[in-house]
1. Take the conditions small (Gly, Ala, Ser), surrounded by 13 or more Cβ atoms within 10 Å (Cβ to Cβ) and at pLDDT 95 or above and apply them to residue 41. Does it pass?
2. So for the stretch 14-26 (the condition being surrounded by 14 or more Cβ atoms within 10 Å (Cβ to Cβ) and basic (Lys, Arg)), does at least one residue qualify?
3. Would you say residue 66 is in contact (Cβ under 8 Å) with a residue 12 or more places away in the chain, basic (Lys, Arg) and under 14 Å from residue 19 (Cα atoms)?
Amino acid sequence: MSDNLKETVDRTAGAGTSDQVEGTSKETAGRAKEALGAATGNDSLRAEGAKDQAAGKAQNLLGEIKEGAENLIDKAKDALNKH
């Protein structure tokens, strides 16, 4: 994802969303690499695919954490504004 697109997504949908999109993309690409490696007997490609999947899962989790933090901050702001 380009930096400009990432910034736009972060501003409109929240900081975690772009990480979740990129993480899901990496996971999908990793699954494809791993399957191709398995089908062709290429252990290196299979391992690279597994690594990409793990990186994608981690990035997706980071996005979920950012989104959760944003929600907590929003709730705290709302609570403070009520008083």
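1. no
2. yes
3. yes
The values are calculated or read from the model by the stated rules, or taken from the named source; none is laboratory data. Predicted model, so just to flag it, every value in this text is computed and none were measured. Glycine also receives a Cβ, built like all others from the backbone with ideal geometry; neighbour counts cover every protein chain displayed.
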